[in-house]
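Asker: Below you will find the structure I want to go over with you.
The values are calculated or read from the model by the stated rules, or taken from the named source; none is laboratory data. The shown structure was predicted, so the numbers you read here are calculated from the model rather than taken from an experiment. We place every Cβ from the backbone using ideal geometry, glycine too, and count neighbours over all the protein chains shown.
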Amino acid sequence: MLAIGDLAPTLSIPTDTDHFSIAEQGGKKVVVFFFPRADTSGCTKEA
């Protein structure tokens, strides 16, 4: 698990039209939020 202030690992995520890469953000702060799945008991508790 990362701690606050740690550098994120290289991560590239497919999007509908292209991809999103943390490495391509040029040092900007980025928030990554993982949403498990809608309409499950875990999603509300974890979010």
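Asker: Starting from the stretch 22-46, take each residue that is of a type in the set (D, E, K, R) and list its partners that are modelled with pLDDT under 85, counting only C-beta distances under 9 angstrom and pairs at least six apart or across chains.
Answerer: Arg37/Cys43; Glu46/Phe34; Glu46/Phe35; Glu46/Pro36
Asker: Sort out which residues of the stretch 5-41 are of a type in the set (Asp, Glu) and at positive phi, and write them in order of number. Talk me through it step by step, then tell me what you get.
Answerer: Filtering the stretch 5-41 down to residues of a type in the set (Asp, Glu) leaves 6, 16, 18, 24, 39.
Within the stretch 5-41, Asp39 is the sole residue that qualifies.
Asker: If we keep just the residues of the stretch 9-42 that are of a type in the set (A, V, I, L, M) and in a loop (DSSP other than H, G, I, E, B), which is modelled with the lowest pLDDT?
Answerer: Of everything passing the filter in the stretch 9-42, Ala38 is modelled with the lowest pLDDT.
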